[in-house]
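Visitor: Got a structure for you, questions after.
The values are calculated or read from the model by the stated rules, or taken from the named source; none is laboratory data. Remember, predicted model here, so these are calculated numbers, not experimental data. Because the Cβ atoms are built from the backbone with ideal geometry, glycine has one as well, and the counts that use them run over all protein chains shown. These accessible areas exclude ligands, DNA and RNA; they are computed on the full protein's heavy atoms, side chains included. Shrake-Rupley method; radii C 1.70, N 1.55, O 1.52, S 1.80 Å.
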Amino acid sequence: MIAIYPGSFDPATYGHLDIIERASGLADELIVGILDNPSKTSLFTAAERKRHLFDITKDMKNVRVESFNGLLVDFARKCNAQIVIRGLRALTDFEYEFQMALTNRELSSSIETLFIPTSKEYLFLSSSVVKEIARFNGDYSNMVPEIVRLDLKQKFN
Ligand code: ADP
């Protein structure tokens with residue numbers, strides 16, 4: 001089974017990494033799909049986000065990192081993927097994720113969304129929280145992998 005884990009990953013956090021590790025144990029092949037959306041402003045370019053995820057997942061043999069734009073269902077079709085993985089944190093994620101899952105199913109009935117609940121230590125962790133802390137020079141070393149931490153430091157210096 002080929003699965004896609006799509007997201008902005010701006011930047012990748014330990015919460016993302018946890019989902020990647022767990023999903024890679026379920027799928028034969030897991031493709032981390034970085035959404036390169038020109039109309040969405042991001043702190044890191046798609047190339048930078050790809051480098052982060054590439055580094056973080058380099059020891060996971062069945063994980064591949066790609067960037068994509070356009071519709072997720074089209075990217076999934078191109079990759080021959082049947083499963084879309086999404087992480088769920090608090091209930092607040094649910095409505096948006098549910099809407100996305102139903103919309104994607106409407107667009108392509110052969111694709112199923114699989115939700116993986118967050119591990120409790122990452123319940124309140126998000127890329128935007130990390131960026132906010134980094135902007136104000138707080139300590140986020142337990143929230144992101146080393147490569148992301150170094151790049152964040154450089155961005156805000
Ligand atoms: P998007 O803009 O597509 O929501 P994100 O990079 O914010 O992109 O998130 C990608 C996926 O990772 C989403 O399914 C999101 O719910 C999940 N995710 C983000 N942070 C965490 C976390 N701390 N624990 C579990 N899942 C998470």
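Visitor: Restricting to segment 30-60, name every residue that is assigned to a loop (DSSP other than H, G, I, E, B), touching a residue at least 40 places away in the same chain (Cβ under 8 Å) and either near the ligand (Cβ under 9 Å from one of its atoms) or touching a Ser or Thr at 6+ places or on another chain (Cβ under 7 Å) (or both).
Guide: Met60
Residue-by-condition table, conditions (1) open to solvent by 90 Å² or more (accessible area, probe 1.4 Å); (2) assigned to a helix (DSSP H, G or I); (3) touching a Lys or Arg at 6+ places or on another chain (Cβ under 7 Å); (4) within 8 Å of the ligand (Cβ to nearest atom):
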| position | (1), (2), (3), (4) |
| --- | --- |
| Glu66 | no, no, no, no |
| Gly70 | no, no, no, no |
| Asp74 | no, yes, no, no |
| Val84 | no, no, no, no |
| Ala90 | no, no, no, no |
| Glu97 | no, yes, yes, yes |
| Arg105 | yes, yes, no, no |
| Thr113 | no, no, yes, no |
| Val129 | no, yes, no, no |
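Visitor: Name every residue in segment 131-144 that is part of a helix (DSSP H, G or I) and either open to solvent by 70 Å² or more (accessible area, probe 1.4 Å) or under 27 Å from Ala81 (Cβ atoms) (or both), in order of residue number. Before you say what the answer is, go through the steps one by one.
Guide: Step one: of segment 131-144, the residues part of a helix (DSSP H, G or I) are 131-135.
Once the filter is applied, which keeps residues that are part of a helix (DSSP H, G or I) and either open to solvent by 70 Å² or more (accessible area, probe 1.4 Å) or under 27 Å from Ala81 (Cβ atoms) (or both), segment 131-144 yields Glu132, Arg135.
Visitor: What are the residues in segment 145-154 that are touching a residue at least 12 places away in the same chain (Cβ under 8 Å) and surrounded by 14 or more Cβ atoms within 10 Å (Cβ to Cβ), if any? Outline the logic, then answer.
Guide: First pass over segment 145-154, keeping only residues touching a residue at least 12 places away in the same chain (Cβ under 8 Å): 145, 147-148, 151-153.
Matches in segment 145-154: Pro145, Ile147, Val148, Asp151, Leu152.
Visitor: Starting from segment 70-87, keep only residues that are more than 21 Å from Lys40 (Cα to Cα), then list their pairs with residues that are among the acidic types (Asp, Glu) whose Cβ atoms are within a distance under 7 Å, requiring at least 6 positions of separation or different chains.
Guide: Gln82/Glu112; Ile83/Glu112
Visitor: While we're on this one: If you check every pair at least six apart or on different chains, which have Cβ atoms under 9 Å apart with a residue in segment 1-28 that is closer than 15 Å to Pro117 by Cβ first and a residue that is of a type in the set (Ser, Thr, Tyr) and crowded, with 24+ Cβ neighbours inside 10 Å second?
Guide: Pairs found: His16/Tyr5; Ile19/Tyr5; Ile20/Tyr5; Ala23/Tyr5.
Visitor: Quickly run through segment 4-29 and pick out the residues that are small (Gly, Ala, Ser), open to solvent by 20 Å² or more (accessible area, probe 1.4 Å) and either assigned to a strand (DSSP E or B) or near the ligand (Cβ under 9 Å from one of its atoms) (or both).
Guide: Ser8
Visitor: While we're here: For a quick check of your reading of the model, give me the residue pairs whose first member lies in segment 117-144 and is within 17 Å of Phe9 (Cα to Cα) and touching a residue at least 40 places away in the same chain (Cβ under 8 Å), whose second is open to solvent by 60 Å² or more (accessible area, probe 1.4 Å) and in a helix (DSSP H, G or I), with beta-carbon atoms closer than 7 Å and at least 6 apart or on different chains.
Guide: If the second residue must be open to solvent by 60 Å² or more (accessible area, probe 1.4 Å) and in a helix (DSSP H, G or I), the pairs left are Tyr122/Tyr14; Leu125/Tyr14; Met143/Tyr14; Val144/Tyr14.
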